[in-house]
Amino acid sequence: MSASPPRQLHLNINALHSGFLPSAWRLPESDPHAFTDVQHYLRTARIAEAGTFDAIFLADNAAIADQIAFRPIPALEPTVLLASVAAATTHIGVIGTASTSYNEPYNIARRFSTLDHVSGGRAGWNIVTTADAASARNFGRDAASDHAQRYARAAEFTDVVKALWDSWEDGALVADKAAGRFADADKVHSIAHRGPHFAVHGPLTLPRSPQGWPVLVQAGASADGRALAARHAEAVFSASQSFDEARAYAADLQQRAEAFGRGPRAIRVLAGLTTIIAGTEAEALRRRDDLVDAIPWEYSRTRLAGILGLLPAQLQPDAPLPGGLALPGGGDGNHTFFHATIAAAQRGRFTVRQLVRELAGGTGHRVVVGTPEQVADDIEHWFRGGAADGFNLMPDVLPGGLQDFVDGVVPLLRRQGIFRSAYEGKTLREHLGLAVPASRHGARAAA
């Protein structure tokens, strides 16, 4: 029996408009209009492709969920934008977010299958549920469904999408000009789904896509979120603050996946990572401080309060978190960022102002500040130690912070022998080392 190939590091670029830092748009080199400019995203994708990244990832929300008075937001619809990115690139994957709370399975199945076809097999769907009240009001509801209901809907939603992607067998498209036979209708199936949330007949309008179906991506730290990931996800975005916490999360997720009959390497765990890079550590720290100091305090306090389920007035800049660290367990909102933020606070026993600086004005993702060598060593430690299979990278500023990473960190990762020097495949599944899913109507060769 031949030995398994060595693990390879995976890197995505989370293209957060001007960058992860809320003040990134204020830099002289930044364009405040970049959040609606397709050329900005094309430049970012091309830099990441030059660095042989696995994918560009786009977050999304169905409402203005951040404080638009102070910073840009994810605004362009991801699949439309990613179709443009796919047309302008050749290898990099394109992963878009779509909510199961305010969409229908048929539309999402068709949209992401289309993206997989037009990209030549580079698409991924980031499955999210949506908890904020603003989004609910945009779809005629007074409030979001509770946590358990959202995840029950998401699980059935994903089942239906996968069934639609499989509604054409691999050999259904005949395209026999001489015989005048375009498709074998006996190999195109309705799914006749009827469940608690959806009734969908099918079939899909599209044959199976180049990857069998797009890569399924998810993020979630709650029990419901982990259950959804274990059942469906092929890559998971995590927000762990410490190495031990991240390793425990990855091990738990893989065990849950195995309980569903999936293999021990069914899921790639990609930890969120913000990087602030400069030639020396002191310069990198000054860069972080300058960016954090440019964030209005009103913005930082309101954002942190929202994550913690508190009122902004309860957060005093030079005081610890109210009630110490014994805050409620994340409420009905985003458990991932709540627990990641609490973990950061516990690690340093910070005041509110110090916590904002530690998180670089962010939402709970881990921040590494330093030289290219320090960033590369940190990544190697997490990767070789089993805390992550890779990272969902969120540079401080885009595209400059990404260029710094590609120029300074990527060569070191290659020298360490953990990251590719060139693409070896064409599809996102090939980049991630994932098999092509077998059709429920017949076997399909593995990638």
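The values are calculated or read from the model by the stated rules, or taken from the named source; none is laboratory data. Note that the coordinates shown come from a computational prediction; the quantities given were computed from them, not determined experimentally. Please note: Cβ atoms are built from the backbone with ideal geometry, for glycine as well, and neighbour counts cover all protein chains shown. Please note that ligands, DNA and RNA were not included when accessible areas were found on the heavy atoms of the full protein model with its side chains. Shrake-Rupley method; radii C 1.70, N 1.55, O 1.52, S 1.80 Å.
Of a type outside the set (Lys, Arg), open to solvent by 40 Å² or more (accessible area, probe 1.4 Å), modelled with pLDDT under 95 and not in a strand (DSSP E or B), is that true of Ser84? Step through it out loud before you land on a result.
Numbers: of a type outside the set (Lys, Arg): yes; open to solvent by 40 Å² or more (accessible area, probe 1.4 Å): yes; modelled with pLDDT under 95: no; not in a strand (DSSP E or B): yes.
It is false that Ser84 is of a type outside the set (Lys, Arg), open to solvent by 40 Å² or more (accessible area, probe 1.4 Å), modelled with pLDDT under 95 and not in a strand (DSSP E or B).
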Hey, could you check region 33-71 for residues that are modelled with pLDDT of 95 or more and farther than 28 Å from Val410 by Cα and say which is nearest to the chain's Cα centre (by Cα)?
Thr36
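Considering region 310-366 alone, what residues qualify as being among the acidic types (Asp, Glu) and either assigned to a strand (DSSP E or B) or modelled with pLDDT of 85 or more (or both)? Quick ask: steps written out before the conclusion?
Within region 310-366, the subset among the acidic types (Asp, Glu) is 318, 332, 358.
Result: Asp318, single match.
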Is it true that Phe112 is closer than 30 Å to Thr52 by Cβ, among the aromatic types (Phe, Trp, Tyr) and either open to solvent by 50 Å² or more (accessible area, probe 1.4 Å) or touching a Ser or Thr at 6+ places or on another chain (Cβ under 9 Å) (or both)?
yes
For a quick check of your reading of the model, give me the residue pairs whose first member lies in region 210-237 and is in contact (Cβ under 8 Å) with a residue 12 or more places away in the chain and over 19 Å from Gly433 (Cα atoms), whose second is open to solvent by 10 Å² or more (accessible area, probe 1.4 Å) and not in a helix (DSSP H, G or I), with beta-carbon atoms closer than 6 Å and at least 6 apart or on different chains.
Ala219/Phe237
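If you check Ala63 against the conditions, is it open to solvent by less than 60 Å² (accessible area, probe 1.4 Å) and not charged (D, E, K, R)?
Answer is yes for this residue.
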Filter result for Thr427 (over 18 Å from the mean Cα position of the chain (by Cα), polar (S, T, N, Q) and at pLDDT 95 or above):
no
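Looking at region 18-26, can you tell me whether even one residue there is closer than 17 Å to Gly362 by Cα, open to solvent by 50 Å² or more (accessible area, probe 1.4 Å) and of a type outside the set (D, E, K, R)? I'd like the intermediate steps shown before the answer.
We begin by selecting, within region 18-26, every residue closer than 17 Å to Gly362 by Cα; these are 18-26.
Restricting the remaining residues to those that are open to solvent by 50 Å² or more (accessible area, probe 1.4 Å) gives 25-26.
Restricting the remaining residues to those that are of a type outside the set (D, E, K, R) gives 25.
Taking every residue of region 18-26 in turn, at least one turns out to be closer than 17 Å to Gly362 by Cα, open to solvent by 50 Å² or more (accessible area, probe 1.4 Å) and of a type outside the set (D, E, K, R).
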Can you name every residue in region 195-218 that is within 23 Å of Val174 (Cβ to Cβ) and touching a strand residue (DSSP E or B) at 6+ places or on another chain (Cβ under 6 Å)?
Pro203, Pro207, Arg208
Identify the single condition in (1) part of a helix (DSSP H, G or I); (2) open to solvent by 10 Å² or more (accessible area, probe 1.4 Å) that Val369 does not satisfy, given that it satisfies every other one.
(1)
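Residue under question is Leu164, and the condition is that it be of a type outside the set (Asp, Glu) and either open to solvent by 20 Å² or more (accessible area, probe 1.4 Å) or farther than 21 Å from Ala233 by Cβ (or both); does it hold?
No: the conditions fail for Leu164.
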Can you tell me how many residues within region 409-428 are assigned to a helix (DSSP H, G or I) and out of contact with any strand residue (DSSP E or B) (no Cβ under 6 Å at 6 or more places or on another chain)?
6
Selection from region 386-411 of residues that are open to solvent by 20 Å² or more (accessible area, probe 1.4 Å) and over 18 Å from Gly279 (Cα atoms):
Gly386
